[in-house]
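Step one of this worksheet: look at the structure below.
The values are calculated or read from the model by the stated rules, or taken from the named source; none is laboratory data. What you see is a predicted model; the values in this text were computed from it and never measured. Cβ placement follows ideal geometry from the backbone for every residue including glycine, while neighbour counts extend to all protein chains displayed. In case anyone asks, the SASA skips ligands and DNA or RNA and just uses the protein heavy atoms, side chains included. Shrake-Rupley method; radii C 1.70, N 1.55, O 1.52, S 1.80 Å.
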Amino acid sequence: MTLPLYAVYGASGHGRETMPLARGWCSSHGLPPDRLVFIDDAPPAALVNGHRVLTWEAFLQQDATSRHAAIAIAGSRVRERLALRCEAHAVALWSLQAANAVLMDDVQLGAGALISPFAALTCNLRIGRCFHANLYSHVSHDCVIGDYVTFAPGVRCNGNVVIGDHAYIGAGAVIRQGRPGAPLVIGAGAVVGMGAVVTRDVPPGAVVAGNPARPLPRKESAC
Ligand code: UDP
């Protein structure tokens, strides 16, 4: 009997951290373990943590009634490119949430979100596509977060903050709260360094670090 096929896209660090969430989901939905694979365009091995690693082409060639992929790669530009690739080939963007993650009230999450263990998203949140909330990160009330935004572990984002597409917030960063009608704004493509304390708006594309966070010269990156 043909069944759906589920995948974690990316068999490196974040992919391997995401696979247990995927496994839990498949097990609770009665899917046999062989219906869950990694996709990786440069497979590190044939088998990773007990799951087959397929190239994208091999994934598409498997018999399946439907195909689903959770894109577990921190680089947001890569994530966007792979999300568009999935959609162009009728592969659904798969969202995963750890059993102990907390989503409280009126949390709207776009397709392909990955919410890691101990993350908390409180209330009245609007969050775009393929959001990554890594371990112990939290988002407080009334935040608006764009597409392909990445929260590394331990980010603390207080209430009334607006974050543009492709922003990257480093591990342990703290973002001060905004006010209703006057949010604190982190612009699209901005990078907030690990441990930064963001007390004021960050312009689009800026890199900030420190306490209080200040701009650093930006190096061009391919991701
Ligand atoms: N990768 C891929 N297709 C791409 C870009 C990356 O399959 O177009 C894979 C890459 O081979 C690697 C993983 O995604 O195995 C990304 O690993 P990395 O350590 O850069 O990211 P992380 O897991 O830390 O987010």
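Some values worked out for this structure:
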| quantity | calculated |
| --- | --- |
| Matching residues in the stretch 1-11 - criterion: being buried (at least 16 other Cβ atoms within 10 Å of the Cβ) and assigned to a loop (DSSP other than H, G, I, E, B) | Gly10, Ala11 |
| Where Ser76 falls short, out of the listed (1) within 16 Å of the ligand (Cβ to nearest atom); (2) over 16 Å from the mean Cα position of the chain (by Cα); (3) polar (S, T, N, Q) | (2) |
| Gly159 vs. criteria assigned to a loop (DSSP other than H, G, I, E, B) and either in contact with a Pro (Cβ under 7 Å, 6 or more places away or on another chain) or open to solvent by 10 Å² or more (accessible area, probe 1.4 Å) (or both) | no |
| Failed condition for Ala42, given (1) surrounded by fewer than 20 Cβ atoms within 10 Å (Cβ to Cβ); (2) hydrophobic (A, V, I, L, M, F, W, C); (3) within 13 Å of the ligand (Cβ to nearest atom); (4) in contact (Cβ under 8 Å) with a residue 24 or more places away in the chain | (4) |
| Residue within the stretch 15-27 that is near the ligand (Cβ under 10 Å from one of its atoms), open to solvent by 70 Å² or more (accessible area, probe 1.4 Å), among the acidic types (Asp, Glu) and under 23 Å from Gly75 (Cβ atoms) present | yes |
| Pairs where the first residue, in the stretch 8-19, is modelled with pLDDT of 95 or more and the second is within 8 Å of the ligand (Cβ to nearest atom) and basic (Lys, Arg), C-beta under 9 Å, 6+ apart | Val8/Arg16; Gly10/Arg16 |
| Test: residue in the stretch 12-34 that is part of a strand (DSSP E or B) and under 17 Å from Asn134 (Cβ atoms) | no |
| Residue in the stretch 97-116 that is farther than 23 Å from Cys143 by Cβ, away from the ligand (no atom under 12 Å from the Cβ) and not in a loop (DSSP other than H, G, I, E, B) present | no |
